[in-house]
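**Q** Below you will find the structure I want to go over with you.
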Amino acid sequence: MNSVLDIEKPVKIDKIFQSPRLNLNQALCPHCDLVVDLPRLKLNQKADCPRCHTTLKINWSEPFNRATTYSAAALFMLILANLFTFVSLSVAGLSSNISLTSVLEIMVDQRYDLLALLFMIFVQILPAFCMFALFCISTRMPMPYRLKIFLAKWLILLKPWCMVEIFLVGVLVSFVKLMSYGSIDIGPSFIAFCAYCILHVRAFQYADKTWIWGTIAKAPDIRPLKAGVSGLEQQVKSCHCCGAILVEQSVNCTRCFTTSYARKKESIQITLALLIGSIVLYIPANVLPIMTTLAFGSSMDSTIMAGVVLLWGGGAYPIALIIFIASVLVPSLKMGAIAWLCWCTKTKKVLSGHRMMQVYEVVELVGRWSMVDVFVIAVLVGLVSFGNLMNIFPAQGVIYFAFVVIVTMVASVFFDPRLMWDRRSENLKRKLETNKRSLHLGITKLA
Ligand SMILES: [Zn+2]
Ligand SMILES: [Zn+2]
């Protein structure tokens, strides 16, 4: 579900599992593998899976115009955000200006190329590529079919890796940290970046997977399926790239040519291996300093927890809480949640599928926000550069921490949530046969 959208009370459709003769589109839920009949949606309505509440289809009014406008405006603002001064800091008569490009240069100068690369990839390159891809798709400009597939595939895949809004929060947190040192002035690029952030979020609202692939090509035809029963039981699978329903024996999707699997291969094993990797990285991320402050000839190393304690001691309670939640609580809970999901799925423990799905969604949604602290350091390093007076340098811990976030995000990508529902399919099938009204497709009116 998209949290940005204003959602009104869902409308329940009782007949959804009772009218097999109705000419309805069918969808195979990518998260719980349930076959669902989709009615024709009204404008600004979305349909959620009746079992796991994953959004299956959104019917925006004027999606082409809106996606084109927002993506083009976002790209324009990104160019402006890179041209001028982003922010300046004045301390004891000295002034330091940074632009988004100079943050990068400073990190490269200090031999933190990897940190510079992460900043460049997550804040500049990937979001710019996604906006460009959305613009190309929504304008329906003539291009080879393979190129359309390439753009659509990577647009959907890279969506969670665009961290523009997380960087903005990182900038605001670093402002609060710097307030005690001197005065901060925002530059024209900062305003452009804020506008870019809003336009980027709005553009992504229209980057709905079903709509995007529907604009490129029609999904392959398939025999009518029985709604309310899992795809696996009916020998069909969902293409993880474009969402088309495919025959289980087929190897490549006929629409996007991606090799598809009924279930991700070795999902639990790969997820657990990545989880162990992230736990190993989490130790140096917390023990080693994440930044070094050089002030008046003396240097002070700061770990994640030391930074939180310092902020708390200085009375910046909300910022201390944000850093504590993003850098300590979220990564720990995320690792615990992934381990719990793997354990429940592997041991076939009978737990509420909804409970597991909620945990999975939270893991997917909040995990990336741990990058806040990494971006705070990037901004501090760029801004606090006053020769012999005062300097802030990144330290090794921040690289380990960035990789903890990345590895846990990759782990959740490899986890196949359909495995959580497989053991429940038999029970559900029986339940549906006795009470066909027990599940309702969630139709929601969007603002
Ligand atoms: Zn579902
Ligand atoms: Zn496909």
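The values are calculated or read from the model by the stated rules, or taken from the named source; none is laboratory data. Being a predicted model, the structure only gives us computed values, none of them experimental. Please note: Cβ atoms are built from the backbone with ideal geometry, for glycine as well, and neighbour counts cover all protein chains shown. Please note that ligands, DNA and RNA were not included when accessible areas were found on the heavy atoms of the full protein model with its side chains. Shrake-Rupley method; radii C 1.70, N 1.55, O 1.52, S 1.80 Å.
**Q** Could you identify the single residue in Leu275, Leu311, Leu333 that is in a helix (DSSP H, G or I) and over 30 Å from Trp421 (Cα atoms)? So that I can check it myself, show each step before the final result.
**A** Values: Leu275 fails: over 30 Å from Trp421 (Cα atoms); Leu333 fails: over 30 Å from Trp421 (Cα atoms).
Only one candidate qualifies: Leu311.
**Q** Here is a check on your reading of the model: is Ile106 at pLDDT 80 or above, among the β-branched types (Val, Ile, Thr) and within 25 Å of the chain's Cα centre (by Cα)? Break it down into steps so the answer makes sense when it comes.
**A** Values: at pLDDT 80 or above: yes; among the β-branched types (Val, Ile, Thr): yes; within 25 Å of the chain's Cα centre (by Cα): no.
Criteria not met by Ile106.
**Q** Before we move on, is Val359 at pLDDT 80 or above, assigned to a helix (DSSP H, G or I) and more than 16 Å from ligand 1 (Cβ to nearest atom)? Working first, answer last.
**A** Working: at pLDDT 80 or above: yes; assigned to a helix (DSSP H, G or I): yes; more than 16 Å from ligand 1 (Cβ to nearest atom): no.
For Val359, the condition - at pLDDT 80 or above, assigned to a helix (DSSP H, G or I) and more than 16 Å from ligand 1 (Cβ to nearest atom) - is not met.
**Q** OK, next. Could you tell me whether the range 206-219 includes any residue that is part of a loop (DSSP other than H, G, I, E, B) and surrounded by fewer than 17 Cβ atoms within 10 Å (Cβ to Cβ)?
**A** First, the residues of the range 206-219 that are part of a loop (DSSP other than H, G, I, E, B): 206-208, 217-219.
Those left that are additionally surrounded by fewer than 17 Cβ atoms within 10 Å (Cβ to Cβ): 217-218.
Yes, some residue in the range 206-219 is part of a loop (DSSP other than H, G, I, E, B) and surrounded by fewer than 17 Cβ atoms within 10 Å (Cβ to Cβ).
**Q** Condition first: over 29 Å from Lys177 (Cα atoms) and assigned to a helix (DSSP H, G or I). Can you find one or more residues in the range 44-64 that meet it?
**A** Within the range 44-64, the first condition is being over 29 Å from Lys177 (Cα atoms), and the residues that meet it are 44-64.
Pick out the ones that are also assigned to a helix (DSSP H, G or I) and you get 63-64.
Within the range 44-64, one or more residues are over 29 Å from Lys177 (Cα atoms) and assigned to a helix (DSSP H, G or I).
**Q** Right, another one. Within the group Leu232, Leu225, which residue is among the hydrophobic types (A, V, I, L, M, F, W, C), under 27 Å from Cys342 (Cα atoms) and touching a helix residue (DSSP H, G or I) at 6+ places or on another chain (Cβ under 8 Å)? Walk me through it before giving the result.
**A** On the way: Leu225 fails: under 27 Å from Cys342 (Cα atoms).
None of the others qualify; the one that does is Leu232.
**Q** For the condition more than 20 Å from Ala378 (Cβ to Cβ) and more than 26 Å from the chain's Cα centre (by Cα), what is the one hit in Ser267, Ser298, Ser302?
**A** Values: Ser267 fails: more than 26 Å from the chain's Cα centre (by Cα); Ser302 fails: more than 20 Å from Ala378 (Cβ to Cβ).
After applying the criteria, what remains is Ser298.
**Q** Go through Ile325, Ile392, Ile377 for me and flag whichever is under 25 Å from Ile121 (Cβ atoms) and not in a helix (DSSP H, G or I).
**A** Values: Ile325 fails: not in a helix (DSSP H, G or I); Ile377 fails: not in a helix (DSSP H, G or I).
Result: Ile392 is the single residue among Ile325, Ile392, Ile377 that is under 25 Å from Ile121 (Cβ atoms) and not in a helix (DSSP H, G or I).
**Q** Let me ask another. Among the residues of the range 176-190, write down those that are among the aliphatic types (A, V, I, L, M), farther than 15 Å from Leu100 by Cα and open to solvent by 80 Å² or more (accessible area, probe 1.4 Å).
**A** Applying the first criterion (among the aliphatic types (A, V, I, L, M)) to the range 176-190 yields 176, 178-179, 184, 186.
Next, only the ones that are farther than 15 Å from Leu100 by Cα stay: 176, 178-179, 184.
Once the filter is applied, which keeps residues that are among the aliphatic types (A, V, I, L, M), farther than 15 Å from Leu100 by Cα and open to solvent by 80 Å² or more (accessible area, probe 1.4 Å), the range 176-190 yields only Met179.
**Q** For Gly243, which of the numbered conditions (1) more than 16 Å from ligand 1 (Cβ to nearest atom); (2) touching a helix residue (DSSP H, G or I) at 6+ places or on another chain (Cβ under 6 Å); (3) on the phi > 0 side of the Ramachandran plot fails to hold?
**A** Single failed check for Gly243: (1).
**Q** Next question. Could you list, in sequence order, the residues of the range 95-138 that are farther than 30 Å from Met179 by Cβ and aromatic (Phe, Trp, Tyr)?
**A** Residues satisfying the conditions are Phe129, Phe132, Phe135.
**Q** Run down Ile121, Ile184 and say which single residue is within 19 Å of the chain's Cα centre (by Cα) and of a type outside the set (Asp, Glu). Lay out the reasoning, then the answer.
**A** Details: Ile184 fails: within 19 Å of the chain's Cα centre (by Cα).
Being within 19 Å of the chain's Cα centre (by Cα) and of a type outside the set (Asp, Glu) holds for just one of Ile121, Ile184, which is Ile121.
**Q** On to the next question. For Leu341, state whether it is assigned to a helix (DSSP H, G or I) and without any contact (Cβ under 8 Å) to a residue 60 or more places away in the chain.
**A** Against the criterion (assigned to a helix (DSSP H, G or I) and without any contact (Cβ under 8 Å) to a residue 60 or more places away in the chain), Leu341 does not qualify.
**Q** Tally time: how many residues in the range 28-43 are in a strand (DSSP E or B) and hydrophobic (A, V, I, L, M, F, W, C)? Can you show your working first?
**A** To start, the set of residues in the range 28-43 that are in a strand (DSSP E or B) comprises 28, 34-38.
Retained after the next criterion (residues that are hydrophobic (A, V, I, L, M, F, W, C)): 28, 34-36, 38.
Residues in the range 28-43 being in a strand (DSSP E or B) and hydrophobic (A, V, I, L, M, F, W, C): 5 in total.
**Q** So in the range 207-221, with the set limited to residues that are in contact with a helix residue (DSSP H, G or I) (Cβ under 7 Å, 6 or more places away or on another chain) and of a type in the set (Val, Ile, Thr), which one is farthest from ligand 2 (Cβ to nearest atom)?
**A** Per the criteria, the residue is Thr215.
**Q** Residues that are hydroxyl-bearing (Ser, Thr, Tyr) and under 19 Å from Tyr70 (Cα atoms): list the helices (runs of 4 or more DSSP H) wholly contained in the range 118-191 that include at least 1 such residues.
**A** On the way: elements: 126-138, 145-158, 164-178.
Filter on the range 118-191 gives 126-138.
**Q** Can I ask one more? Given the conditions (1) closer than 21 Å to Lys153 by Cβ; (2) without any contact (Cβ under 8 Å) to a residue 60 or more places away in the chain; (3) among the small types (Gly, Ala, Ser); (4) more than 8 Å from ligand 2 (Cβ to nearest atom), report the number of the one that Ala273 does not fulfil.
**A** With (1) closer than 21 Å to Lys153 by Cβ; (2) without any contact (Cβ under 8 Å) to a residue 60 or more places away in the chain; (3) among the small types (Gly, Ala, Ser); (4) more than 8 Å from ligand 2 (Cβ to nearest atom) applied to Ala273, the lone miss is (1).
**Q** Among Gly231, Gly170, which is the only one that is open to solvent by less than 10 Å² (accessible area, probe 1.4 Å) and within 16 Å of ligand 2 (Cβ to nearest atom)? Write out each step before concluding.
**A** Values: Gly170 fails: within 16 Å of ligand 2 (Cβ to nearest atom).
Within the list Gly231, Gly170, the selection yields Gly231.
**Q** Take the residues in the range 246-263 that are crowded, with 18+ Cβ neighbours inside 10 Å and under 23 Å from the mean Cα position of the chain (by Cα), then tell me which one is farthest from ligand 1 (Cβ to nearest atom).
**A** If we take residues in the range 246-263 being crowded, with 18+ Cβ neighbours inside 10 Å and under 23 Å from the mean Cα position of the chain (by Cα), then Cys256 is farthest from ligand 1 (Cβ to nearest atom).
**Q** Only one of (1) within 16 Å of ligand 2 (Cβ to nearest atom); (2) over 28 Å from Gln234 (Cα atoms) fails for Ala27. Which number is that?
**A** (2)
**Q** Taking the range 119-165 as the search range and keeping residues that are touching a helix residue (DSSP H, G or I) at 6+ places or on another chain (Cβ under 6 Å) and of a type in the set (D, E, K, R), which one is most open to solvent (accessible area, probe 1.4 Å)?
**A** Lys148
**Q** Leu168 - would you say it is more than 30 Å from Ala295 (Cα to Cα), of a type outside the set (Phe, Trp, Tyr) and modelled with pLDDT of 90 or more? Don't jump to the end; show me each part of the working.
**A** Details: more than 30 Å from Ala295 (Cα to Cα): no; of a type outside the set (Phe, Trp, Tyr): yes; modelled with pLDDT of 90 or more: yes.
In short, no.
**Q** Just name the residue that is nearest to ligand 1 (Cβ to nearest atom) out of those in the range 64-99 that are open to solvent by less than 20 Å² (accessible area, probe 1.4 Å) and farther than 20 Å from Ser385 by Cβ.
**A** So, considering only residues that are open to solvent by less than 20 Å² (accessible area, probe 1.4 Å) and farther than 20 Å from Ser385 by Cβ, the one nearest to ligand 1 (Cβ to nearest atom) is Ala67.
**Q** Okay, next question. Residue under question is Thr292, and the condition is that it be touching a Gly at 6+ places or on another chain (Cβ under 7 Å) and open to solvent by 20 Å² or more (accessible area, probe 1.4 Å); does it hold?
**A** So Thr292 fails the test.
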